[in-house]
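One structure is given here, and the rest of the page talks about it.
The values are calculated or read from the model by the stated rules, or taken from the named source; none is laboratory data. Remember, predicted model here, so these are calculated numbers, not experimental data. Methodologically, a virtual Cβ is constructed for each residue, glycine included, from the backbone with ideal geometry; neighbour enumeration extends over all protein chains shown.
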Amino acid sequence: MDDLITLVNSGLGLVATGDRADLRQRLDQTLARLANPDIRVIVVGEFKQGKSKLINALVNAPVCPVDDDIATSVPTVVSFGDPASAAVLVPRDGGGPEQDPAAFERRPVALEDIAGFVSERGNPSNRQGLASAEVRLPRRVLADGLSIIDSPGVGGLESAHALTTLTALPTADAMLLVSDASQEYTEPELRFLKQAQRIVPNVGCVLSKTDLYPQWRAVADLDRAHLAQAGVGTVPLLPVSSDLRLVASQTKDSELNRESGFPQLVAYLRNDVVGKAQALRRNSVAQDLLSTTEHLRLSVTSELQALQHPEGVPVLLAQLEEAKAKADQQRKRSSRWQTLLNDGASDLISDMEHDLRDRLRSIQREAEAAIDDGDPGPVWDQFAEWLEQRVASAVSDTFVWTNERSRWLAEQVAELFALDEVPLPLLEVSSTDGVLAPVEEVPYLDPGRVSAAGKVLIGMRGSYGGVLMFGLLTGIIGMSLINPLSVGAGLLLGRKAYREDKDARLKRRQAEAKSLVRRQMDDVVFQVGKQLKDRLRLVQREIRDHFGDIAEEHHRSLADSVAAAQRSASTFRQERDERVTELKAQLARIDQLHAKAKRLLPEAVPVPQASADVGAGA
Amino acid sequence: MRDSGDVEALLLEAAEVYDDDPALRAELEGYARRLREPLRVAVAGMVKAGKSTLLNAIIGEEIAPTDTGECTRIVTWYRHAATPRITAYPVEGEPRLLPLKRVEGRLVFDLGGQQADDVSRLVVEWPAVNLRSMTLIDTPGIASLSAEVSARSTRFLLPEDAPSEADAVIYLMRHLHGSDLKFLEAFRDTSAASSGTVNALAVLSRADEVGSGRIDSLISASRIADRYRSDPSLKSLVLDVLPMAGLLAQSARTLRQAEYEAFVALAALGKTERERMLLSADRFVTGSTAIGIPPEDAARLLDRFGMFGLRLGAALVRGGTSDPTALAHELARRSGLDHLMALVTRQFSARATTLRVRTALTGLEALVRSNPREAAAGLLAGVERVKANAHEINELRLLSALRSGGVPLPARAAEEAERLVGGSGTGAADRLALPPGVDAEDIRSASLGTLHRWRVLAENPLTDRGALEACHVVLRSCEELVVLAGSVPQGGEPARGRHRADTGQRADTEPAHG
C-alpha cells in the first residue's frame, strides 16, 4: 500500500509543475482513496449463532459482548488502530440525511466500557439510540485495512431487520454468514444468502461452534449440498470453533489453533477478501497514473515534435485540432454517452417505480381479499405484521433489482464512452515527415474504462449510508391501526346488541382496514420511492462526473498540445535547444512513472477477464 | 370440568340430526371417540428443535428416529397399547401394518415403497407408561428447507376448517424466533378461536447448548426462560416457558453400565487433562483411547450425551455420585424433564377433560354452521349452553384475556386473578399461592379471605365493566376452592352469593345493549 502512495506522490510531483489542475485533482482523489484503506466485512446471521464470539476470537480480544442470551444490540465496527481505542456514534438531533457524516457525533469511550453500549443488557433494544460503535485494535490481521462489522442478530432473516442488513451490504466488500453446526441451513438463511450474493462482491459462510457438535462434518456436507443446490456452490464454507481459538491463544497452542479452523478463515479473509479488494485498488491506482502520464506525455511530446520537426507543424496542428473538436463533442450534453446516461437513468427510475408499485399492488389486492373474507378487527395485529413482512420483502426485491440495473447502466455507459472516445494520439518522434499516428485503440486504457463502472460503485460504497431504508420502514409501519381493544370492549358490553348491527359494523371495519392498507401502500411508495430515486440519482451523478472528468481531461490535453505546438513556432533557436533538453528530461520522468504504473497491473490481463473481474467486483 | 356428559349428549343429538350424511356422522363420531381417549399432545417446533428427542425422553425409550439432518417427515402418533405395532394411514386407501423394525433401538419406518407424501400419518402403539395418560404426536419441523414438509405440519396442526387434531401443544424452540411466534399465534387462533383459550407450553429445548455447553448452561437457560415468560408477545400465547436439555433427558433415562464406567474414567483424570480432553467434540473422540474407550464408543457417548452431558456427568461422578442409578437420576433431574412432566400434568392433564370438551364443542359448532339444518338450531343453543356453564372453559378464556393484557384490572389484582383461575396450576395450593402440602383448614381460610376481597372488588361501583366479568369468573373459582376445602358451615352461602352477583351483573349490563 505504501509503495502506491509513493508512486502517486511522484505523479503529483510531475503534475505540480504544469498548470493541469484537473489532473492534480484526480491524483489527489486517488491519494484520498488510498488514505482510507477500509475493507469492510459484515458479519451477519440469525441471533445466537456466535457472531460476536467469532470476531472476538479473530482479533483475540473481548471487544464484542458475548452472552448466553441475546447480546448484541448495536452494530460494532472493529478495525485497525494503535493504540487501542473505542467510540460510539450518536446521531445529532436534526441532522441531515443519514449518509451525511456530520449527522453523527463521535463520542470516545473507554475500551472496557464498550460492552455497556452495544450489549442488549447495557442498552436493551438500543434505547440509547446509537448509530454504531467503533473499536480500534493493534492487530496484525486487521493491519491491511480490514474492518469487521458485528451486526445485531435477527430472528427470522425474512423480517424487516434482514432488509436493514441488505441495504447496508452495498457498502461492504464482503459478507460472512454465520450459522452454527447444530443444524443445516434453514429456508430463510438460504434465501437471504441468495439475495445477498447478488449485491455483495464476496460472500463466505462460516459454520460456527464445531467444538460443541460432534456431527459438524455431516452438517457441513449438508450445507454444501444446499449451497450447490441453490446455485451458490462457489461460496466457501468455513467450519470454525471460536472457543478453541480463544483457548489456543491463551495457551499459545498452535495445534489447537489449527483445530479451531481459524487459520483457514484468516487465509480466506487475507487472500479472497483483502487480496481481491487490494488488487482492485492497485488496478485503479495504476489506471489513474497511466492515464495521467498519457495526458502529460501528449503535450510534452507534441511540443518536442514541433521543435524538432518544424516543417511538420501545420499537419500536426490540423490533426490535433480535429482530435480536439472530437473531444469537445464528448464533453457536450448532446454526446452519445450523456444521452444514454440521461435516458437510462430516467428509464430506470420509472421502471423502479413501476416495479415497486406493481409488487405493492399485488400485496394490496391480496390484503383486500383477505379483509373481505373476514373480520379484520380481531386479527389486525397479525395482519399488520403480515403486511409489514410482505412489504419488506417486496422492497428488498426492488432494491436488489435496482442495484443490478444501475450497475448494468454504468457498464453500458462505459462501453459507449470507450467507443466514442478520442484516443490520445501517439506521436512518432522518429518519423521524418512528422505524421501523427492515431492509434486505433489504446489497449491498456481499455480495462480502465470498463472498470469505471466498478469504480463508480466503489465510490458509492463510501458515500452511501445504507441504513436509511430500514428506519423509514419501521417508521411508517409501526403506526397504530384499528385498536383491537375497542373491538374487544364491544364484545364484552353486550353480545346481543353487537350481533344485530354486526353487519354494519363489519362493513365499516372492513372499509376502514382497506383504506388503512391503501394509505400504507401510498406511504411506502412515496418514501421508499424517494429513497431509491435519490440513490439512482446519486449513481447517475457519479457516472456523469466520472466520465465528464475524463472527457474534460482529454480536451485539456489536446488543447494544451495545440498550444505547445504553436508556441514552438515562435521559439528562437537557442532557446529551442534548451527547451528540447528540458522536454526530453521531462519525458524521461513521465515515461519512468508510466513504466512503474504499468508494472502494477497484473501480467498480461486480457480485456474480457478484466471486465469479468469488474462484474464480480462491482 | 369433571365429566363430559353434556357434550356427549349433544354429540348424540347431532348424530341424529345429521343421520343422513355418513361423512358428517363419521366426523361427529370421531369427536365423541376423542372425548374418551387420552389427551392428545402435539410436540411441535422449528426444524431440529429436538422434537423427536423430547418424545423419546418422555416415552423413556429411544424409539423415535433422530438424525443430524432433518428427520421427521411424516406426522407420527405415539399411543399406548399393550403390544407394539406400527400402522400407516395413506392419504388414499386402507391403513396397513408396517413391519416392526428397529436399528440400535430406534424404529425404522419402512413404508414399503410408498412415498412420504402419500402417507397422511403413522401411528405407533407402544407399551409405555407415560403414554397411558396422553397420546403424543411428533410433527415435522416448521421453517424446513423443504416447503412441503413444513406445510404438512402446518396442515396437521392448523387445519383451515376444523379444530386442530391436537388438544394441546408442547412447543419447542431454541430461541424465540419470528416463525415461532407466528406459529403459536396461528395455533391459538385455530385451536381455540371460538373459546379464546391458551393451551400451549413453550420449552427452550436445547438448553444444554446455551452457553457453549458450559457446566452452568442450564442456569443461564433458565434465566433466558424467565425473560421469555415475561415477554408480552409470548405471554399471551403460552401457559409457561421452561428450559430443558432434551438430549440429556433422553439419554439419562437409558444410561448403561458401560457409559457409567466411561464417566468414572473421565472423572478419574486430572483437572487439566480432563479439561483439555473436553475442549471439543473432536478432541474427546481422538483422546478417548487414552482412558480406554475405543473411538467409536466415544463417538456414540458424545451422540447420546453431548458435550454438556459429558462435562456434567464427569463433574457429578467427581462430586460423589457413586452408582449408575444415582447418576441417571441426577442427570434426568438436571435435564429439566421432571419439571416439564410436572408442568404437563398440572397444566394439561388436570384440564384434560376441559381441553377435550372444548375441542369437541369447537368442532361441533363449525360443523353445524357450515351445514345448516332446521333441526340444528337447537344444537347451537346447546353448544352455547354448555360453554356458558363450563366454568373451566371460562377460566381458560379469562386466563388468556389476562395474559394478553385485555382486562382492565389493577396490575396486582390481575396477577392474583391469573393465579386463582389456574395460571400456575389447577391445584388449590397453586391457585392460592400457598406452599404445597398445607392442610385443608389453611386452604379454607385463605380461600375465604380471597373470596371476600374479590367480592368487595366486584361490588365496588367504580369497578370497570370489563373487569367485572373477570371478577365473576374469579369469584366462582374462589367459591369452588372454598367448597373443595370442605366449608361446612357456610356451605350454601357462596352459591347464593354467586347467584346474586350474576343477576347484579345482568342488571348492570342490560341498559348498555340499547
(message) Kindly evaluate B:D6 against the criterion of being touching a Gly at 6+ places or on another chain (Cβ under 9 Å), surrounded by fewer than 24 Cβ atoms within 10 Å (Cβ to Cβ) and not in a strand (DSSP E or B).
(response) yes
(request) Given the conditions (1) without any contact (Cβ under 8 Å) to a residue 12 or more places away in the chain; (2) within 10 Å of chain A (Cβ to nearest Cβ); (3) closer than 26 Å to B:A168 by Cβ, report the number of the one that B:S230 does not fulfil. (result) (2)
(request) Could you grab me the full set of residues in segment B:251-276 that are among the hydrophobic types (A, V, I, L, M, F, W, C) and either within 12 Å of chain A (Cβ to nearest Cβ) or outside any helix (DSSP H, G or I) (or both)? (result) B:L255, B:L269
(request) Identify all residues within segment A:256-279 that are of a type in the set (D, E, K, R), surrounded by 16 or more Cβ atoms within 10 Å (Cβ to Cβ) and without any contact (Cβ under 8 Å) to a residue 24 or more places away in the chain; write none if there are none. (result) A:E259
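Have a look at B:V238, B:V264 and point out the one that is buried (at least 21 other Cβ atoms within 10 Å of the Cβ) and over 22 Å from B:N56 (Cβ atoms). So that I can check it myself, show each step before the final result.
Working: B:V264 fails: buried (at least 21 other Cβ atoms within 10 Å of the Cβ).
After applying the criteria, what remains is B:V238.
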(request) Determine whether A:L190 is in a helix (DSSP H, G or I), farther than 26 Å from A:A248 by Cα and either at pLDDT below 80 or more than 14 Å from chain B (Cβ to nearest Cβ) (or both). (result) no
(message) When you scan segment B:65-81, do you find a residue that is more than 20 Å from B:D167 (Cα to Cα), within 14 Å of chain A (Cβ to nearest Cβ), out of contact with any Phe, Trp or Tyr (no Cβ under 9 Å at 6 or more places or on another chain) and small (G, A, S), even just one?
(response) yes
(request) Tell me which residues, restricted to segment A:314-346, are small (G, A, S) and either surrounded by 15 or more Cβ atoms within 10 Å (Cβ to Cβ) or over 24 Å from A:T301 (Cα atoms) (or both). (result) A:A323, A:A327, A:S334, A:S335, A:G344, A:A345, A:S346
(request) Give, as residue ranges, the strands (runs of 3 or more DSSP E) completely inside segment B:60-124 that count at least 3 residues that are surrounded by 18 or more Cβ atoms within 10 Å (Cβ to Cβ). (result) B:76-80
(message) Pull out all pairs, ordered by first then second residue, where Cβ-Cβ is under 9 Å, the residues are six or more apart or on different chains, the first lies in segment A:28-42 and is aliphatic (A, V, I, L, M), and the second is modelled with pLDDT under 75 and not in a loop (DSSP other than H, G, I, E, B).
(response) A:I42/A:T165; A:I42/A:A168; A:I42/A:L169; A:I42/A:T171
(message) Scan segment B:204-215 and tell me whether some residue there is more than 20 Å from the chain's Cα centre (by Cα) and of a type in the set (A, V, I, L, M).
(response) yes
(message) I'm checking my understanding of the structure. Among residues of segment B:321-336 that are at pLDDT 85 or above and surrounded by fewer than 17 Cβ atoms within 10 Å (Cβ to Cβ), which one is farthest from B:V241 (Cα to Cα)?
(response) B:D323
(request) Test B:L402 against the stated conditions and say whether it is in a helix (DSSP H, G or I), under 21 Å from the mean Cα position of the chain (by Cα), crowded, with 21+ Cβ neighbours inside 10 Å and touching a residue at least 40 places away in the same chain (Cβ under 8 Å). (result) yes
(request) Identify all residues within segment B:283-326 that are acidic (D, E) and under 36 Å from the mean Cα position of the chain (by Cα); write none if there are none. (result) B:D297, B:D303, B:D323
(request) Can you tell me which residue within segment A:237-255, out of those that are without any contact (Cβ under 8 Å) to a residue 40 or more places away in the chain and either of a type in the set (A, V, I, L, M, F, W, C) or touching a Ser or Thr at 6+ places or on another chain (Cβ under 6 Å) (or both), is surrounded by the most Cβ atoms within 10 Å (Cβ to Cβ)? (result) A:S241
(message) I'm trying to understand the selection: among the residues of segment A:29-81, which are of a type in the set (S, T, Y), more than 21 Å from A:K276 (Cα to Cα) and more than 13 Å from every other protein chain (Cβ to nearest Cβ)?
(response) A:T72, A:S73, A:T76
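Looking at the structure I just gave you, is A:A196 at pLDDT below 85, part of a strand (DSSP E or B) and more than 14 Å from chain B (Cβ to nearest Cβ)? Working first, answer last.
On the way: at pLDDT below 85: yes; part of a strand (DSSP E or B): no; more than 14 Å from chain B (Cβ to nearest Cβ): yes.
Criteria not met by A:A196.
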(request) Starting from residues that are more than 14 Å from chain A (Cβ to nearest Cβ) and in a helix (DSSP H, G or I), keep the ones in segment B:277-299 and report whichever is nearest to A:R217 (Cα to Cα). (result) B:T289
(request) Just name the residue that is nearest to the other protein chains (Cβ to nearest Cβ) out of those in segment B:420-434 that are surrounded by fewer than 19 Cβ atoms within 10 Å (Cβ to Cβ) and under 19 Å from the mean Cα position of the chain (by Cα). (result) B:S424
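Let me confirm something: among B:L316, B:L302, which residue is within 12 Å of chain A (Cβ to nearest Cβ), closer than 25 Å to B:S220 by Cα and in a helix (DSSP H, G or I)?
B:L302
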(request) Take B:P461 and decide whether it is farther than 30 Å from B:R229 by Cβ and outside any helix (DSSP H, G or I). (result) yes
(message) If I filter segment B:337-349 for residues that are of a type in the set (F, W, Y), surrounded by 19 or more Cβ atoms within 10 Å (Cβ to Cβ) and either assigned to a helix (DSSP H, G or I) or within 14 Å of another protein chain (Cβ to nearest Cβ) (or both), do I get at least one hit?
(response) no
(request) Give the residues of segment B:32-59 that are within 14 Å of chain A (Cβ to nearest Cβ), small (G, A, S) and either within 27 Å of B:R256 (Cα to Cα) or surrounded by fewer than 24 Cβ atoms within 10 Å (Cβ to Cβ) (or both), sorted by residue number. (result) B:A49, B:G50, B:S52
(request) Kindly list, by first and then second residue, each pair from a residue in segment A:557-572 that is more than 13 Å from A:H295 (Cβ to Cβ) to a residue that is assigned to a helix (DSSP H, G or I) and not β-branched (V, I, T), limited to pairs with Cβ atoms under 6 Å and residues at least 6 apart or on different chains. (result) A:V562/A:L320; A:A565/A:S302; A:A565/A:A306; A:A565/A:L316; A:A565/A:L317; A:S568/A:E303; A:S568/A:A306; A:S568/A:L307
(request) Sort through A:A61, A:A16, A:A32, A:A57 and tell me the only one that's part of a helix (DSSP H, G or I) and within 23 Å of A:Q264 (Cβ to Cβ). (result) A:A57
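Can you find, within segment A:147-178, the residue that is modelled with the lowest pLDDT among those that are closer than 30 Å to A:A384 by Cβ and assigned to a strand (DSSP E or B)?
A:V154
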(message) Looking at segment B:176-184, can you tell me whether even one residue there is assigned to a strand (DSSP E or B), more than 10 Å from every other protein chain (Cβ to nearest Cβ) and modelled with pLDDT of 70 or more?
(response) no
(request) Mind telling me which of the residues B:S217, B:S236 ends up being within 14 Å of another protein chain (Cβ to nearest Cβ), in contact with a Lys or Arg (Cβ under 8 Å, 6 or more places away or on another chain) and among the polar types (S, T, N, Q)? (result) B:S236
(request) Residue by residue through segment A:207-234, note down the ones that are crowded, with 19+ Cβ neighbours inside 10 Å and more than 9 Å from chain B (Cβ to nearest Cβ). (result) A:L207, A:S208, A:D223, A:L227
